[in-house]
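Structure, as structure tokens:
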Amino acid sequence: MVQLAGLIGDSIAHSPSPAMQNAAFAALGIAARYELWPATAAELPARVRALREPGMLGANVTIPHKLAVVSLLDDLGPSAREVGAVNTIVARGGPLVGHNTDAAGLAAALREAGREHSASGVVLGAGGAARAALVALRRLGARRVTLLARDPAPLRGAGLGTAWRATLETGATTFALLPAGPRAPGDVADALATADVIVNATPVGSAALPGMPLGADWLGVLPTDALVVDLIASPTAWLAAARALGLATLDGRLMLLWQGALAFSLWTAQPAPLAAMRAALSTASRDPAT
Ligand code: NAP
């Protein structure tokens, strides 16, 4: 029987994940297929229930379901508890267990891009990817992470993962939630002026939502050796503006590779064939991606 895995999300038609994961199954001779499983919020419970059928390896979960899916699962692994969001579900005929490979994937991408260490970061957004970015920056040693979000409310209260609660309780990382508008320009400028990494964890700048997540003027406040990271897995106008200012940039493709490789290993219990995945992703992500 051909086993199945897939991507659960809204507006996922252009995702390069099927090309990358199917190349990995082929490289290892595993009889499995990775499919696109589009689902609205109303369709999510049935889509997750279908993972209990025979032959299901599991799924990736993407925007906008990474937080909502938590309540539909039987258990969470340590990575999902730490981040407070799920991007990978393991099924394999047993209980549905949620994991998060975004944080480790971003940390691996930053390391591959030459950033072994961060002292101070800025994250734009307050959703699942923003949570993963905070954890990734902490793993690289960041003592100060500032989150800029139009609505930081989702990050307060019971929805926080364990990493966030630990951060708030121990004060190990200075942690600020600021509105991204003009209401706190002094605080925003201060955070940007000392950041060695800034991460766009909003969909602003994707094909579906053109624009800049933070005005190009603000990029000029960053130190000249800062790295500007956009989690959108295709080139963006924001990264082009950063490069025009002489700043180093990284788009979301390398994180996509690493989070996908970690998910593959969770489903198959085998090391991911990185070279095959990298080649497939490189070809597939020449098209506009999410
Ligand atoms: P999410 O949970 O829906 O969170 C999105 C965040 O962006 C929320 O804070 C949202 O604010 C904010 N936002 C949305 N539209 C905005 C706008 N017009 N202006 C300002 N803020 C806005 O989504 P996610 O899962 O975190 O994903 C975020 C982005 O990261 C997506 O582009 C996704 O493709 C990308 N991503 C890439 C990878 C990778 O491997 N490269 C992995 C994960 C995610 P509200 O709550 O106010 O709507």
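The values are calculated or read from the model by the stated rules, or taken from the named source; none is laboratory data. Keep in mind the model is a prediction, meaning the values are calculated, not measured. Because the Cβ atoms are built from the backbone with ideal geometry, glycine has one as well, and the counts that use them run over all protein chains shown. Heads up: the accessible areas ignore ligands, DNA and RNA and are worked out on the full protein's heavy atoms, side chains in. Shrake-Rupley method; radii C 1.70, N 1.55, O 1.52, S 1.80 Å.
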(1) under 22 Å from Leu7 (Cα atoms); (2) surrounded by fewer than 18 Cβ atoms within 10 Å (Cβ to Cβ): which one isn't true of Thr224, the others all being true? (1)
Which one of Ala280, Ala242 is modelled with pLDDT of 95 or more, away from the ligand (no atom under 16 Å from the Cβ), part of a helix (DSSP H, G or I) and open to solvent by less than 60 Å² (accessible area, probe 1.4 Å)? Ala242
Determine, yes or no, whether Val70 is within 16 Å of the ligand (Cβ to nearest atom) and without any contact (Cβ under 8 Å) to a residue 40 or more places away in the chain. yes
Keeping to the range 102-152, report how many residues are buried (at least 24 other Cβ atoms within 10 Å of the Cβ), of a type in the set (Asp, Glu) and over 20 Å from Ala80 (Cα atoms). 0
Tally the residues that are touching a Phe, Trp or Tyr at 6+ places or on another chain (Cβ under 9 Å), more than 9 Å from the ligand (Cβ to nearest atom) and either open to solvent by 20 Å² or more (accessible area, probe 1.4 Å) or not hydrophobic (A, V, I, L, M, F, W, C) (or both), restricting the search to the range 187-221. 3
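Residue-wise test of (1) touching an Asp or Glu at 6+ places or on another chain (Cβ under 7 Å); (2) modelled with pLDDT under 95; (3) open to solvent by less than 10 Å² (accessible area, probe 1.4 Å).
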| position | (1), (2), (3) |
| --- | --- |
| Gly9 | no, no, yes |
| Ser15 | no, yes, no |
| Ile30 | no, no, no |
| Arg33 | no, no, no |
| Ala42 | no, no, no |
| Pro45 | no, no, no |
| Leu51 | no, no, yes |
| Leu73 | no, no, no |
| Leu76 | no, no, no |
For the range 82-101, indicate whether the set of residues that are open to solvent by 60 Å² or more (accessible area, probe 1.4 Å), over 20 Å from Gln259 (Cα atoms) and not in a loop (DSSP other than H, G, I, E, B) is non-empty. no
Among the residues of the range 58-71, what is the count of those that are open to solvent by 10 Å² or more (accessible area, probe 1.4 Å) and either closer than 12 Å to Leu4 by Cβ or in a helix (DSSP H, G or I) (or both)? 3
In the range 103-133, residue farthest from the ligand (Cβ to nearest atom) [restricted to those that are at pLDDT below 90 and assigned to a helix (DSSP H, G or I)]: Arg131
Would you please name the residue that is most open to solvent (accessible area, probe 1.4 Å), looking only at residues in the range 245-277 that are away from the ligand (no atom under 16 Å from the Cβ) and of a type in the set (S, T, N, Q)? Gln270
